[in-house]
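Participant: Pasting a structure here, questions to come.
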């Protein structure tokens, strides 16, 4: 542990031997294509598939009416009445957003399936749609799901301390309206499902790139009315996920239905346009913020109203309506907090988890607010942060909403990033350059990167939800030849689980990581799992390590007993070193293979009464609770944190700017593999930079997505992402195994660092930045407006 | 009555080309894209599809010495061509220096963009054996990566350039 070991996964990925869903070919496999709604909101008058069915090479078709007969609507986790929402894998009766699947075709080839879509006659009657959360709340607004009665999914109020007293005590109350835009991490591999119904065994075999394959079992099983113990979920290499591949269960159900109907294995590979327009967007959120402050920069509290736009369906929502409360006060000490949170449906693509899920919106709002406070009080933004940070000696720190921060030093993190970027030199330079007409902006942000979630958080939105805590499984075996094999429930998408698990297990047995084999991907028929298994919420290093250490302990205890029996030693004095069990007292030793041999094939030599075999499965869970009556709850186990600093140069004639320097200080506790950690920090930063500067899902007034290809949806290239200067701190977690904290999401830090830098650059114009997307056109318009007033 | 398929059987065309030094013959519909010819007909699944509009670069291969996005090339255009895909980089168990450099410098995470990224890097280094960071970034700007933020990819290409020039590298 602690070494930047080269990744075990890489050889196959570098040589073109990766195993992605689209690389799998099953005998007799056919291909599916999906017809989608061109309307944002419309009644389906009729779908005629007869012509498509007559096309040579078409195997079968499927429409919503048939889906409604064959399946049940997906489970809903909202409380009534929002849980009345009916969601099927194909639209039934009505379409609710442009891009919603309405019919599907299975054909011998991909191209024939796509040809057949053009032969389907679908007739619609458009009805009014609504694209804005606040508009969707107005009386008379189009109701997206009539069965719910309104567009409201969740309405809740968090209230801690005494916000009214804080307002009275304040020298000033800063008020702002802010907006966090829609974007998505858009992995390079789109969603993919290959389903096979095996009539002989009655098994449904699903190969997909879903990030939580076993979590979606209830959704798949209940919808298909198919027994859960005959659904086999398999994932292999996954081409990035970032949260977006969590809610692909409608496609798993659709393709499974098609496989059952056609009697063929059916493969479906999402196109990029399908992915951008209909897979999963990040939550869009509007805020009204009031911040009571003292003139010295002390923040007394935060009063917020939030409108969260979750699009046309609640596929993982309203989880996002509470997940922000993992990090209620950000890194700050204020105790008075009030949040009125409304989650609302609109005629847009459904939202779902996306790297920094729900916290990045909240943290962006806080980090933007802190800078606004600094500007309004004439203080340096670093000064306001240092004044209000939770102090290292206050750890573990309990937040107003019951979060328990597991250690960290926020002031040091900030001061390190300031040094890394040479903050004070830039501040001087900024003044000098302004005189010459150059606009330099410096933006800072320190955020929390919470990891390993407590599913108990969804009981806040609906106490009936049958989820709480978190758990993960691992299996370790030592075979009859001494080979160590490991299987985990985590289903990675590029995070290097084969590598980190090898490192953890190698340390336990005193062998080198290349002597440990970790199974690639996930197969529910092979790997141990809990229904909370998967790669999400920056949980795998922590949860995986917890499960691995538990399994290793069990295997070691048994191996020690066998070794002690052979060596006539005390099991307590057996240690594992260099592939041997060593008796500490006598120095005598036996190799692991000999222990494995006795356990599996030479079992007469076992200690009396001992069960043969040398394998253990362990399920690990952190010590989590349930929300109290005020919704106080420790919602995650670990709280990594990052400080970012960006220096930009703005061109006021175009609103365009470029990043001159970018620095990050990360602290995710003890690191298993520093190389992988740094890679995660880079990746999360690039997502935030992309989101802040380029990526945006905007709809036109007809509800059509304006960025449905990579021509319009601007994923940054190597020319847009600057070099990232990084540094690490290692403050061990007070609660997680080995002091590890989760890493990966990065909390969307660049989105606030860059917004803060843009506003800072535009100080001479007095422009205020209230949106998370720094679109040059909007910036230019803000400059022009201010110029007119000047 | 069955509707006739848009492509009739006698419209199928035969393609002969060299891939990774081996001669192949395959039969495809005229509209088949090169990437699907490689993946579905020749079973060379290392070349990936990420967008089918020519923007992500995951499908990049080298055709007659130049990088092409194989989702933007019809298979019939490859008639008689010589193509290099990711599967052709290593010589047996020995990885190409670019593959080694990506491995040593953590130039990949999920690995989905990697094959295309390797091909663009190779094309760049063949023309420019000692590129600056800026030239590397320009050289790979047709290839999107969502995992690495490109930082370690740039580092990998730089290390690969050194290896290919025969300079000793310490990882």
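The values are calculated or read from the model by the stated rules, or taken from the named source; none is laboratory data. Predicted model only: the values in this text are computed from it and were never measured. Cβ placement follows ideal geometry from the backbone for every residue including glycine, while neighbour counts extend to all protein chains displayed.
Participant: Is it the case that segment A:268-279 has a residue that's crowded, with 24+ Cβ neighbours inside 10 Å, touching a helix residue (DSSP H, G or I) at 6+ places or on another chain (Cβ under 8 Å) and away from every other protein chain (no Cβ under 14 Å)?
Facilitator: No, because not a single residue in segment A:268-279 is crowded, with 24+ Cβ neighbours inside 10 Å, touching a helix residue (DSSP H, G or I) at 6+ places or on another chain (Cβ under 8 Å) and away from every other protein chain (no Cβ under 14 Å).
Participant: Something else: Among the residues of segment B:141-166, count how many are facing chain A (nearest Cβ under 10 Å) and touching a residue at least 24 places away in the same chain (Cβ under 8 Å). Step through it out loud before you land on a result.
Facilitator: Just the residues of segment B:141-166 that are facing chain A (nearest Cβ under 10 Å), to begin with: B:141-155, B:157.
Right, trim to touching a residue at least 24 places away in the same chain (Cβ under 8 Å) and you get B:142-148, B:152-153, B:155, B:157.
Here the count works out to 11.
Participant: Give me the residue from segment B:20-66 that is more than 14 Å from the chain's Cα centre (by Cα) and at positive phi and, out of that set, nearest to the other protein chains (Cβ to nearest Cβ).
Facilitator: B:52
Participant: Further, regarding this structure: Within segment A:232-243, work out how many residues are part of a loop (DSSP other than H, G, I, E, B) and either within 15 Å of residue A:313 (Cα to Cα) or more than 14 Å from chain B (Cβ to nearest Cβ) (or both).
Facilitator: Here is the first cut: in segment A:232-243, the ones part of a loop (DSSP other than H, G, I, E, B) are A:236-243.
With the extra rule that they be either within 15 Å of residue A:313 (Cα to Cα) or more than 14 Å from chain B (Cβ to nearest Cβ) (or both), the set shrinks to none.
Residues that pass the stated criteria total 0.
Participant: Within segment A:657-672, does at least one residue satisfy the condition of being facing chain B (nearest Cβ under 10 Å), buried (at least 23 other Cβ atoms within 10 Å of the Cβ) and outside any strand (DSSP E or B)?
Facilitator: Checked against the condition, which is being facing chain B (nearest Cβ under 10 Å), buried (at least 23 other Cβ atoms within 10 Å of the Cβ) and outside any strand (DSSP E or B), segment A:657-672 yields no hits at all.
The rows are residues; the columns are (1) surrounded by fewer than 24 Cβ atoms within 10 Å (Cβ to Cβ); (2) away from every other protein chain (no Cβ under 12 Å); (3) farther than 13 Å from residue A:11 by Cα; (4) modelled with pLDDT of 95 or more.
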{"site": "B:72", "(1), (2), (3), (4)": "yes, yes, yes, yes"}
{"site": "B:95", "(1), (2), (3), (4)": "yes, no, no, yes"}
{"site": "B:103", "(1), (2), (3), (4)": "yes, no, no, yes"}
{"site": "B:111", "(1), (2), (3), (4)": "no, no, no, yes"}
{"site": "B:117", "(1), (2), (3), (4)": "no, no, yes, yes"}
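Participant: Can you give me the number of residues within segment A:175-188 that are touching a helix residue (DSSP H, G or I) at 6+ places or on another chain (Cβ under 8 Å), buried (at least 24 other Cβ atoms within 10 Å of the Cβ) and at negative phi?
Facilitator: 4
Participant: For segment A:619-654, how many residues meet the condition of being farther than 30 Å from residue A:720 by Cβ and part of a loop (DSSP other than H, G, I, E, B)?
Facilitator: So the answer is 15.
Participant: Within segment A:476-580, considering only strands (runs of 3 or more DSSP E) that don't extend past its boundaries, which have at least 1 residues that are farther than 28 Å from residue A:13 by Cα? Break it down into steps so the answer makes sense when it comes.
Facilitator: Details: elements: A:484-488, A:516-518, A:574-577.
Here the list reads A:574-577.
Participant: Go through (1) in contact (Cβ under 8 Å) with a residue 24 or more places away in the chain; (2) within 21 Å of residue B:124 (Cα to Cα); (3) more than 10 Å from every other protein chain (Cβ to nearest Cβ) for residue B:91 and report which single condition fails.
Facilitator: Of the numbered conditions (1) in contact (Cβ under 8 Å) with a residue 24 or more places away in the chain; (2) within 21 Å of residue B:124 (Cα to Cα); (3) more than 10 Å from every other protein chain (Cβ to nearest Cβ), the odd one out for residue B:91 is (1).
Participant: Just checking, how many residues over segment A:459-498 are in contact with a strand residue (DSSP E or B) (Cβ under 9 Å, 6 or more places away or on another chain), within 14 Å of chain B (Cβ to nearest Cβ) and crowded, with 24+ Cβ neighbours inside 10 Å? First the steps, then the outcome.
Facilitator: Initially, segment A:459-498 is screened for residues in contact with a strand residue (DSSP E or B) (Cβ under 9 Å, 6 or more places away or on another chain), giving A:460-462, A:470-479, A:482-493, A:497-498.
Filter again for within 14 Å of chain B (Cβ to nearest Cβ), leaving A:491-493, A:497-498.
Now restrict to residues that are crowded, with 24+ Cβ neighbours inside 10 Å: A:491-493, A:497.
Summing the residues that are in contact with a strand residue (DSSP E or B) (Cβ under 9 Å, 6 or more places away or on another chain), within 14 Å of chain B (Cβ to nearest Cβ) and crowded, with 24+ Cβ neighbours inside 10 Å in segment A:459-498 gives 4.
Participant: Which residues, counting only those in segment A:699-720, are touching a strand residue (DSSP E or B) at 6+ places or on another chain (Cβ under 8 Å) and either without any contact (Cβ under 8 Å) to a residue 12 or more places away in the chain or within 12 Å of another protein chain (Cβ to nearest Cβ) (or both)?
Facilitator: Residue satisfying the conditions is A:706 alone.
Participant: Here is a follow-up. Within segment A:609-619, which residues are in contact with a helix residue (DSSP H, G or I) (Cβ under 9 Å, 6 or more places away or on another chain) and within 20 Å of residue A:559 (Cβ to Cβ)?
Facilitator: If we filter segment A:609-619 for residues that are in contact with a helix residue (DSSP H, G or I) (Cβ under 9 Å, 6 or more places away or on another chain), which is where we start, we get A:610-619.
Once the filter is applied, which keeps residues that are in contact with a helix residue (DSSP H, G or I) (Cβ under 9 Å, 6 or more places away or on another chain) and within 20 Å of residue A:559 (Cβ to Cβ), segment A:609-619 yields A:610, A:611, A:612, A:613, A:614, A:615, A:616, A:617, A:618.
Participant: Go over the candidates A:383, A:412, A:394 one by one and state the one that is touching a residue at least 60 places away in the same chain (Cβ under 8 Å), in contact with a strand residue (DSSP E or B) (Cβ under 8 Å, 6 or more places away or on another chain) and surrounded by fewer than 20 Cβ atoms within 10 Å (Cβ to Cβ).
Facilitator: Details: A:383 fails: in contact with a strand residue (DSSP E or B) (Cβ under 8 Å, 6 or more places away or on another chain); A:394 fails: in contact with a strand residue (DSSP E or B) (Cβ under 8 Å, 6 or more places away or on another chain).
None of the others qualify; the one that does is A:412.
Participant: Would it be correct to say that residue A:681 is within 14 Å of chain B (Cβ to nearest Cβ), touching a residue at least 40 places away in the same chain (Cβ under 8 Å) and closer than 30 Å to residue A:736 by Cα? Reasoning before the result, please.
Facilitator: Working: within 14 Å of chain B (Cβ to nearest Cβ): yes; touching a residue at least 40 places away in the same chain (Cβ under 8 Å): yes; closer than 30 Å to residue A:736 by Cα: yes.
In short, yes.
Participant: Related question: Show me the helices (runs of 4 or more DSSP H) found entirely inside segment A:1-100 where at least 3 residues are within 14 Å of chain B (Cβ to nearest Cβ) and surrounded by 21 or more Cβ atoms within 10 Å (Cβ to Cβ). I'd like the intermediate steps shown before the answer.
Facilitator: Numbers: elements: A:10-14, A:50-54, A:64-70.
Answer list for segment A:1-100: A:10-14.
Participant: Exactly one condition in (1) more than 14 Å from every other protein chain (Cβ to nearest Cβ); (2) free of Cβ contacts under 8 Å to residues at least 24 places away in the same chain; (3) surrounded by 18 or more Cβ atoms within 10 Å (Cβ to Cβ) is not met by residue B:17; state its number.
Facilitator: All conditions are met except number (2).
Participant: May I ask you to list the residues in segment B:124-157 that are in a helix (DSSP H, G or I) and surrounded by fewer than 19 Cβ atoms within 10 Å (Cβ to Cβ)? Quick ask: steps written out before the conclusion?
Facilitator: Narrowing segment B:124-157 to residues in a helix (DSSP H, G or I): B:124-127, B:133-139, B:151-157.
Across segment B:124-157, the qualifying residues are B:126, B:127, B:133, B:134, B:135, B:138.
Participant: To continue, here is another question. If residue A:244 passes every condition in (1) without any contact (Cβ under 8 Å) to a residue 24 or more places away in the chain; (2) under 19 Å from the mean Cα position of the chain (by Cα) but one, which one does it miss?
Facilitator: Single failed check for residue A:244: (1).
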